[in-house]
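The values are calculated or read from the model by the stated rules, or taken from the named source; none is laboratory data. Keep in mind the model is a prediction, meaning the values are calculated, not measured. When we count neighbours, we look across all protein chains shown, and the Cβ atoms used for this are built from the backbone with ideal geometry, even at glycine.
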Amino acid sequence: MDAQFFIITGISGAGKSQAIKCFEDLGFFCIDNLPLILIEKFVSLSASSQDNRFKKIALGIDIREGENLSDFSRIISNLAFRPRILFFDASDETIIRRFSETRRKHPLGKIVPEAVKIERAILSDIKAQTSKVIDTTDMNLQELKETIAGLLKISQKTEMRITVISFGYKYGIPSDADIVMDVRFLPNPFYVNDLKHRTGNERKVKNYVMGFPDAKKFAKLFFGMILSVIPKYIKEGKSYLTIALGCTGGRHRSVVLANELKEYLSKKKFSVILKHRDIDKVN
């Protein structure tokens with residue numbers, strides 16, 4: 001069987017779970033904490049399967065296996081094809097800090113410093129057999145992704161998928177918005193008889209709103225700010241960004257500015273989804 005097969009293991013708090021998520025994002029079939037006694041059967045079935053999902057496999061094994069870990073070497077040596085074993089580690093200080101920040105209990109149920117010491121002793125034989133030890137002490141999530149992608153020789157260029165939403169404040173702020181901008185300071189077409197029952201998708205409303213110098217100045221500054229922060233979000237490993245622009249009812253000003261922002265970002269070669277949440281609601 002021509003397959004990529006990884007076993008992900010390591011010290012609790014060193015990033016094993018995040019690593020498995022990274023493998024999953026890279027198209028791997030992943031199972032975390034599969035019992036050791038089932039691995040041989042699973043690999044045998046995968047080797048004989050025609051299902052393409054099993055061409056790329058990553059299995060997570062950790063201290064939760066308890067006494068079964070003593071059989072690790074024997075089980076691995078009997079597998080239909082040999083995996084690459086990645087051992088995730090970090091300094092004791094880093095692991096203790098991470099447990100403190102997340103307020104999680106250590107799987108061994110002891111105070112963290114003592115548990116880490118015991119865990120290192122239990123996993124020492126497995127660590128000695130690993131293909132690669134990955135030290136995450138000074139890594140953030142994006143650097144972890146890049147490290148794993150590097151092992152797989154995959155380009156880790158992130159595509160930022162952007163959603164631009166117009167909305168009305170009277171109906172509430174979108175709960176999934178990362179950036180919210182209030183455009184109610186702009187002149188309101190609602191109070192212009194010929195525009196009241198139109199929407200920001202119509203040229204007359206657009207020309208009215210964007211005809212004001214403040215609207216043009218705002219668009220230039222706000223759109224430029226959005227463009228400048230997108231690379232920062234990407235650097236942090238974020239692949240989705242939702243930008244919400246709101247006016248009173250969500251039918252005029254916010255629609256115009258959302259359309260303008262979508263056009264601006266599209267010209268910059270970003271993938272943009274445009275939603276006018278409240279455009280059909282009656283004010």
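Given the criteria more than 25 Å from Glu143 (Cβ to Cβ) and assigned by TED's automatic domain parsing to the domain that holds Thr130, does Leu86 qualify? Steps first, answer last, please.
Numbers: more than 25 Å from Glu143 (Cβ to Cβ): no; assigned by TED's automatic domain parsing to the domain that holds Thr130: yes.
For Leu86, the condition - more than 25 Å from Glu143 (Cβ to Cβ) and assigned by TED's automatic domain parsing to the domain that holds Thr130 - is not met.
Taking the stated definitions as given, is Ile57 of a type outside the set (Ser, Thr, Tyr), in the same structural domain as Ser124 (by TED's automatic domain parsing) and under 21 Å from the mean Cα position of the chain (by Cα)?
Details: of a type outside the set (Ser, Thr, Tyr): yes; in the same structural domain as Ser124 (by TED's automatic domain parsing): yes; under 21 Å from the mean Cα position of the chain (by Cα): yes.
So Ile57 fits the description; yes.
Please give the number of the condition Phe87 fails out of (1) of a type outside the set (A, V, I, L, M); (2) in contact (Cβ under 8 Å) with a residue 24 or more places away in the chain; (3) within 30 Å of Ile226 (Cβ to Cβ).
(3)
List pairs: first residue in the stretch 199-217 and farther than 12 Å from Leu186 by Cα, second residue of a type in the set (Lys, Arg) anywhere in the structure, Cβ distance under 6 angstrom, at least six positions apart or on different chains.
Thr199/Arg251; Val205/Arg198
Quick one: count up the residues across the stretch 244-269 that are part of a helix (DSSP H, G or I) and surrounded by 18 or more Cβ atoms within 10 Å (Cβ to Cβ).
Filtering the stretch 244-269 down to residues part of a helix (DSSP H, G or I) leaves 253-267.
Going one step further and asking which of them are surrounded by 18 or more Cβ atoms within 10 Å (Cβ to Cβ), we end up with 253-262, 264-265.
Looking only at that region, the number is 12.
Give the stretch 1-13 a look and list any residue that's at pLDDT 90 or above, of a type outside the set (A, V, I, L, M, F, W, C) and in a loop (DSSP other than H, G, I, E, B), or say none.
The answer is Ser12, Gly13.
If you go through the stretch 214-238, how many residues are more than 15 Å from Leu265 (Cβ to Cβ) and among the small types (Gly, Ala, Ser)?
The total comes to 2.
Would a scan of the stretch 211-230 turn up a residue that is over 21 Å from Arg277 (Cα atoms) and within 18 Å of the chain's Cα centre (by Cα)?
yes
Search the stretch 21-33 for residues that are at negative phi and pair each with any residue that is part of a loop (DSSP other than H, G, I, E, B) when their beta-carbon atoms are under 7 Å apart and the residues are at least 6 apart or on different chains.
Pairs found: Leu26/Leu152; Leu26/Ile154.
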